[in-house]
Amino acid sequence: QVQLVEFGGGLVQAGGSLRLSCAASRSISSINPMSWYRQAPGKQREWVATISSGGSTNYADSVKGRFTISRDNAKNTVLLQMNSLKPEDTAVYYCSGILLGSTYWGQGTQVTVSS
């Protein structure tokens with residue numbers, strides 16, 4: 001098993017930046033892949049970005065070119081750097097990882113972008 005805890009959410013103006021962190025309770029080298037999702041009020045949870053153990057990344061079209069996912073295996077942390085934020089990026093952001101065929105989720109962190 002693994003526990004995932006997100007940090008770094010907050011309130012930011014449109015055009016600003018935030019960096020989210022996801023700290024794992026164990027080595028993330030065996031958690032593959034790791035992803036970020038988000039859920040806006042009244043909407044379904046949607047995928048944002050994924051990073052494999054080898055460092056390959058994929059992004060939703062809505063965040064491509066603005067968000068960057070990375071992983072620091074030494075610190076057991078996955079990061080999501082969010083730039084050029086828009087009001088429509090407002091959501092609860094969740095970290096997720098797959099370990100031995102099971103999917104684990106963090107509790108989420110709120111990101112609010114004001115116009």
(request) Kindly rank 106-115, 87-96 from highest to lowest mean number of other beta carbons found within 10 Å of each residue. (result) 87-96, 106-115
(request) Step through the residues of region 14-29 one at a time and calculate ³J(HN,Hα) from phi using the Karplus curve (6.51 cos²θ - 1.76 cosθ + 1.60, θ = phi - 60°), rounding each to whole Hz and writing x for Gly and Pro. (result) 3, x, x, 10, 9, 10, 9, 10, 10, 9, 9, 7, 8, 4, 8, 5
(message) With a cut-off of 8 Å between alpha carbons and a minimum separation of six or more residues, what is the relative contact order of region 76-115 in percent?
(response) 44 percent
(message) For region 24-115, what does the accessible surface come to per residue with a 1.4 Å probe? Please give it in Å².
(response) 50 Å²
(request) Please list the equivalent ellipsoid semi-axes of region 8-57, computed as the square roots of five times the alpha-carbon gyration tensor eigenvalues, in descending order and whole angstrom. (result) 24, 14, 11
(message) Explain nothing, just the number: dipole magnitude of the chain about its Cα centre with +1 on each Lys and Arg Cβ and -1 on each Asp and Glu Cβ, in debye rounded to the nearest 20.
(response) 80 debye
(request) Run the accessible area of the chain with a 1.4 Å probe and give the carbon-and-sulfur part as a rounded percent. (result) 47 percent
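Based on the alpha-carbon gyration tensor of region 33-115, what equivalent-ellipsoid semi-axes (square roots of 5 times the eigenvalues) come out, in whole Å, largest first? Intermediate values should be presented prior to the final figure.
On the way: eigenvalues 92, 44, 25 Å².
Computed over region 33-115, the values are 21, 15, 11 Å.
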(message) Under 8 Å for C-alpha pairs, at least 6 residues apart: give me the relative contact order for the chain, rounded to a whole percent.
(response) 37 percent
(request) Quick one: compute the contact order of region 17-82, relative version, from alpha carbon pairs under 8 angstrom and 6+ residues apart, as a percent. (result) 40 percent
(message) Starting from 0.36 nm per residue, how many nanometres of slack lie between Leu11 and Leu99 once their C-alpha separation is accounted for?
(response) 28.5 nm
(message) Using a Cα-Cα cut-off of under 14 Å, which aspartates and glutamates could be cross-linked to Lys43, ignoring same-chain neighbours fewer than 8 residues away?
(response) Glu88, Asp89
(message) In the chain, once you exclude exposed trypsin sites (Lys or Arg not before Pro) (DSSP loop, at most 14 other Cβ within 10 angstrom), what's the longest stretch remaining?
(response) 65-115
(request) Obtain the nm distance between the two label points defined at Ser56 and Ser70 by a simple spin-label model: each point lies 7 Å from its Cα along the Cα-to-C-beta direction. (result) 2.1 nm
(request) Check cross-link reach from Lys75 to the lysines: straight Cα distance under 29 Å, and skip same-chain residues fewer than eight apart. (result) Lys64
(request) Compute the distance in nm between two label points, each set 7 Å from the Cα along the Cα-to-Cβ direction, one at Gln110 and one at Ser30. (result) 3.6 nm
(request) Could you go through region 82-87 in sequence order and give the Karplus-derived ³J(HN,Hα) for each residue, using 6.51 cos²θ - 1.76 cosθ + 1.60 with θ = phi - 60°, rounded to whole Hz, and x for Gly and Pro? (result) 10, 10, 6, 5, 10, x
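The values are calculated or read from the model by the stated rules, or taken from the named source; none is laboratory data. Not measured: the values here are computed from a predicted model. Quick reminder, even Gly has a Cβ in these numbers, built from the backbone with ideal geometry, and neighbours come from all protein chains shown. We work out accessible area using only protein heavy atoms, side chains counted, and drop any ligands, DNA or RNA first. Shrake-Rupley method; radii C 1.70, N 1.55, O 1.52, S 1.80 Å.
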